[in-house]
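The values are calculated or read from the model by the stated rules, or taken from the named source; none is laboratory data. Remember, predicted model here, so these are calculated numbers, not experimental data. In this analysis, Cβ positions are derived from the backbone assuming ideal geometry, glycine residues included, and neighbour counts consider all displayed protein chains. Just so you know, the surface numbers come from the protein's heavy atoms only, side chains and all, with ligands and any DNA or RNA stripped out. Shrake-Rupley method; radii C 1.70, N 1.55, O 1.52, S 1.80 Å.
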Amino acid sequence: MKKRVLSGIQPSGKLHIGNYFGMIKRMVEYQESSDLFLFVANLHSLTTLQNKDEMKNLTLEAAMDMLALGIDPEKCHFWVQSDVPEVAELTWILSCLTPMGLMERATSYKDKIAKKLGANLGLFSYPVLQAADILIQQAELVPVGKDQKQHLEMSRDIAAKFNNTFGETFTIPKPDIPKDVAVVPGTDGQKMSKSYGNTIPIFDDPKVIKKAVMGIVTDSKGVDAPKNPDKCNVFALYKLFASKEERVGMANEYRKGKIGYGDAKKALLQKIQDTFEPFQKKREYLAKHPKKVEKILEEGAKKVSKNTLKTLEKVRKATGLRY
Ligand code: ADP
Ligand code: TRP
């Protein structure tokens, strides 16, 4: 039996290279070797994105981005979260088993409040919806970036609590967070994130991408000065794209003062262009044919519904809600 792998991505802005290395690239690989479930998490986005047109556009664009980057609906389950509304029923059921203490420890909620994103109940209970996403498909492995680690722990706790209360029902999911790409830094050195405005987008006007790369913050060492590659944001990003030889070569040039930050940025920009160029045409094609994308998503929702209902029926029986 193939391993069941699941992840979701919020349609909250343009996809960036942090998303690519933290999640999407691995999902494209997983669809060859496992039973992959991937969805656009628009119900999660609703906690912060409350504009009808933006929601519609960003949902379709996230789907287009992932299809362009290699997600193949023939090889996996690919759908939009709100098209399979049964997950909301499971969210309620799970929320009745979720201790307040567990929720109050959630750091992502605290972070968002600290950033004055405006508290709402959805933002607070966000991890329960995430647990429902994962558990309803009986996922075994969840590839995400490090920022999602706590949410995965909460999903595991909630699953265990349910199993203890009502009998073995859910698979306990494991996070899949590879060390080397756990946190891709943004142009300012913090975690790359749409909400920090420090991203390098994957699909955008080449001028915008160039501006982002050239704007990466470095120290002020001159071209000839020896530099520490391990303390440099440009190198940290370059490393993700480079072969081992290229990585070692660039690190040596840094240490010997043979490369300035400007040239390092140019090398990084070239890598970004080379990596994503093959996907641009497909992305442009999909943008011109939104109906095709809608059809793919509609089929995807149908395909995943069977699996969803199977688990939900088990839950309804286990809890006595199916009387
Ligand atoms: P953002 O922080 O830009 O809003 P999301 O929260 O939508 O990104 O993340 C989507 C996926 O991409 C998640 O699996 C997340 O862990 C991963 N991801 C996002 N930013 C990074 C990053 N800087 N490094 C590694 N993975 C990331
Ligand atoms: N919370 C995740 C993020 O912001 C998105 C997400 C929603 C997700 N449901 C999920 C990720 C289930 C993995 C599994 O990136």
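Give me the percent of the accessible area of region 98-138 that comes from carbon and sulfur atoms, probe 1.4 Å, all protein chains in place.
Exposed carbon and sulfur together represent 64 percent of the surface.
Quick one: net charge around residue 83, please, counting Lys, Arg +1 and Asp, Glu -1 for every other residue with C-beta under 10 Å from its C-beta.
So the environment of residue 83 carries a net charge of 0.
Once you list every other residue whose beta carbon is under 9 Å from the beta carbon of residue 218, what net charge do they have if Lys and Arg are +1 and Asp and Glu are -1?
Around residue 218, the surrounding residues sum to +2.
Give the relative contact order (percent, whole number) for the chain; include only Cα pairs under 8 Å separated by 6+ residues.
22
Along each of the three principal axes of the Cα atoms of region 194-284, give the extent in whole Å, ordering the values from largest to smallest.
Computed over region 194-284, the largest-to-smallest principal extents equal 42, 28, 20 Å.
Among 270, 304, 321, whose Cα projects farthest towards the positive end of the dipole of region 263-323, with charges put on the beta-carbon of Lys, Arg (+1) and Asp, Glu (-1)?
321
Ignoring everything but the protein chains, give the 1.4 Å probe accessible area of residue 279 in square angstrom, nearest 10.
Residue 279 exposes around 50 Å² with every protein chain in place.
Using θ = phi - 60° and the Karplus curve 6.51 cos²θ - 1.76 cosθ + 1.60, what whole-Hz ³J(HN,Hα) does each residue of region 187-200 get, with Gly and Pro shown as x?
In residue order, the calculated couplings are 5, 9, x, 6, 3, 5, 7, 3, 6, 9, x, 10, 8, 10 Hz.
So, with +1 on the Cβ of K and R and -1 on the Cβ of D and E, and no other charges, what is the size of the charge dipole of region 100-257 about its Cα centre, to the nearest 20 debye?
Using only the charged Cβ atoms, the result is roughly 500 debye.
Excluding same-chain residues fewer than 8 positions from residue 52, which aspartates and glutamates have a Cα within less than 18 Å of its Cα?
61, 83, 294
What distance in nm separates the two pseudo spin-label positions at residue 294 and residue 174, each 7 Å out from Cα along the beta-carbon direction?
Each label point is offset 7 Å from its Cα along the Cβ direction, giving 4.2 nm.
Which entries of 146/265; 149/302; 112/194; 25/266; 14/179; 179/271 have Cα-Cα distances beyond 19 Å here?
146/265; 149/302; 25/266; 14/179; 179/271
Using a 1.4 Å probe and counting only protein heavy atoms, arrange 179, 194, 146 so the residue with the most accessible area comes first.
If we order 179, 194, 146 from most to least accessible, we get 179, 146, 194.
Which order do you get for 245, 298 if you rank them by accessible area with a 1.4 Å probe, largest at the top?
Reading off the accessible areas and sorting them downward yields 245, 298.
Heavy atoms of the protein only, probe of 1.4 Å, neighbouring chains included. What is the accessible area of residue 20 in Å², nearest 10?
Approximately 20 Å² for this residue.
Based on DSSP H assignment, which helices of the chain show an axial Cα extent of at least 15 Å together with a mean Kyte-Doolittle hydropathy greater than or equal to 1.0?
121-136
Once the dipole of the chain is set up with Lys and Arg at +1 and Asp and Glu at -1 on Cβ about the Cα centre, which of 113, 136, 158 lies farthest towards its positive end?
Of the listed residues, the answer is 113.
At 1.4 Å probe size, put 79, 92 in order of accessible surface, largest to smallest.
92, 79
Using a cut-off of 19 Å between alpha-carbon atoms, which aspartates and glutamates can reach residue 239, once sequence neighbours fewer than 8 places away in the same chain are excluded?
Of all the aspartates and glutamates, those that pass the test against residue 239 - Cα under 19 Å, at least 8 places apart if same chain - are 180, 188, 219, 230, 253, 263, 274, 277.
Leaving out ligands and nucleic acids, and using a 1.4 Å probe, what accessible area per residue does region 194-284 come to in Å²?
Accessible area per residue, region 194-284: 57 Å².
Quick one: check the C-alpha center-to-center distance for region 215-260 versus region 35-55, whole angstrom.
37
Please compute the net charge surrounding residue 31, taking Lys and Arg as +1 and Asp and Glu as -1 over other residues with Cβ under 11 Å from its Cβ.
-2
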